[in-house]
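Everything below concerns the one structure shown next.
The values are calculated or read from the model by the stated rules, or taken from the named source; none is laboratory data. This one's a predicted model, so the numbers in the text were calculated from it and none came from an experiment. Backbone-built Cβ (ideal geometry, glycine too); neighbour counts: all protein chains shown.
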Amino acid sequence: MKDVSNKTIVALLAVALVVTVLGTVVSVNKLGELSGKFNLLSGAATTSASGLSNLTISQSTSITNQFSAIEFGSGYVTVPGPCVIDSNGVVNGSGNYCVGFNNPSSGFLLENTGNVNLSVNYTCSGSCTAASFIGGTSPVFQIWATDNLAAGQAGENVADTVASCANGPFSTTPAAVSAAGTWLCGNSSDYSLDSTDAQDAFVVDLNVSIPADAPTGSGVQTATFTFNALATG
Amino acid sequence: MKKKKKISNRNKTISNQKKDISNKTVLTMLVVVILVSVASLWVYLDALSDVSTPTVKTSSQAQGVASIQIKDSQPAKLIVDTDAANGVASIKIQKP
């Protein structure tokens, strides 16, 4: 094969040079556009006269369960039953027909720990119906929510001084627990759990009603609740 | 004499050409350089396009567990209060 001439080599070098220069120009231009579009995080002054600086803080969607285990304990029910227990302690395991159960006094404490308003729903896995969690004749397994100003449960980063979830749908009426779950605070279009520390938490309580003929010997039954928080993008 | 010198110079040139890298090698290297430049530009632009469309996290999750165990029922203790009061009755039957 015949050797390539030096002219060809020079031409190819020129192409390489053009590509490099073009690449550099495009890169610099793109970076410039990026800076203009998103105001990259910087404390640098934008004018020498006033010393103005721009700071852009991005969105943070975060929910934290500050009380993650409700243990009704182990016990039995005397005839005629039922034994009724609320996780908020209003009706407890020392009540009528309850023997040996715990006296829970705290529900799941959900706090908005991000910086945007949220809507919250739940799903459940494990024993998520009254029949599977308790069993027997006409068992009850219910869930509901209360703003933490009213509930007054300890554990928040900053205690609420205003009722949360007040400006949207709020499931304050006890309803049967289900695997599919439901909205607790807000919904798919209403984000009513505020991110402000003074009103950013609510409590999810559970109620059980155990009939005297609830089956024994099936060990500890558990229901795992997943609380999903959503925000607009 | 001149002819001998010419032949000597030609031999020197041929010898130098043998030591040099060939033009083909230079061409190959240039092609590689161009390909690398284009590829790196493409990767950079691709990365920039990813940066220019940032994704914002719009969901979060928290978990909680509820548990219960129902034991074999034991009959409640029957507490019976007892009390006793004594009384004595006596009788004696006599013969008439």
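Got a sec? Which of A:A198, A:A180, A:A175, A:A214 is hydrophobic (A, V, I, L, M, F, W, C), out of contact with any Cys (no Cβ under 6 Å at 6 or more places or on another chain) and more than 28 Å from A:A131 (Cβ to Cβ)? Walk me through it before giving the result.
Working: A:A180 fails: more than 28 Å from A:A131 (Cβ to Cβ); A:A175 fails: more than 28 Å from A:A131 (Cβ to Cβ); A:A214 fails: more than 28 Å from A:A131 (Cβ to Cβ).
Answer to the check: A:A198.
Scan region A:73-89 for residues that are assigned to a strand (DSSP E or B), of a type outside the set (V, I, T), at the interface with chain B (Cβ under 9 Å from one of its Cβ atoms) and within 17 Å of A:N207 (Cβ to Cβ) and jot them down.
Initial filter on region A:73-89 (assigned to a strand (DSSP E or B)): A:73-77, A:83-86.
Those left that are additionally of a type outside the set (V, I, T): A:73-76, A:83, A:86.
Checking the rest, the ones that are also at the interface with chain B (Cβ under 9 Å from one of its Cβ atoms) come to A:73-76.
Scanning region A:73-89 gives A:G73, A:G75.
From the list A:V99, A:V84, A:V116, pick out the single residue that is more than 19 Å from B:Q63 (Cα to Cα), within 26 Å of the chain's Cα centre (by Cα) and surrounded by fewer than 23 Cβ atoms within 10 Å (Cβ to Cβ).
Working: A:V99 fails: within 26 Å of the chain's Cα centre (by Cα); A:V84 fails: within 26 Å of the chain's Cα centre (by Cα).
Checking each option against the conditions leaves just A:V116.
Listed here are the residues, each with its yes/no results for (1) surrounded by 15 or more Cβ atoms within 10 Å (Cβ to Cβ); (2) of a type outside the set (G, A, S); (3) touching a His at 6+ places or on another chain (Cβ under 9 Å).
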| residue | (1), (2), (3) |
| --- | --- |
| A:F141 | yes, yes, no |
| A:T146 | yes, yes, no |
| A:L149 | yes, yes, no |
| A:Q153 | yes, yes, no |
| A:N157 | no, yes, no |
| A:A175 | no, no, no |
| A:S189 | no, no, no |
| A:D200 | yes, yes, no |
| A:N207 | yes, yes, no |
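Looking only at region A:85-141, count every residue that is touching a residue at least 40 places away in the same chain (Cβ under 8 Å), closer than 29 Å to A:A166 by Cα and hydrophobic (A, V, I, L, M, F, W, C) and tell me the total.
So the count comes out to 12.
I need the full set of residues from region A:54-72 which are facing another protein chain (nearest Cβ under 8 Å) and either part of a loop (DSSP other than H, G, I, E, B) or at pLDDT below 90 (or both), in order please. Spell out the reasoning first.
Keep residues of region A:54-72 that are facing another protein chain (nearest Cβ under 8 Å), which gives A:58-65, A:67-72.
Within region A:54-72, A:S58, A:Q59, A:S60, A:T61, A:S62, A:F67, A:S68 qualify.
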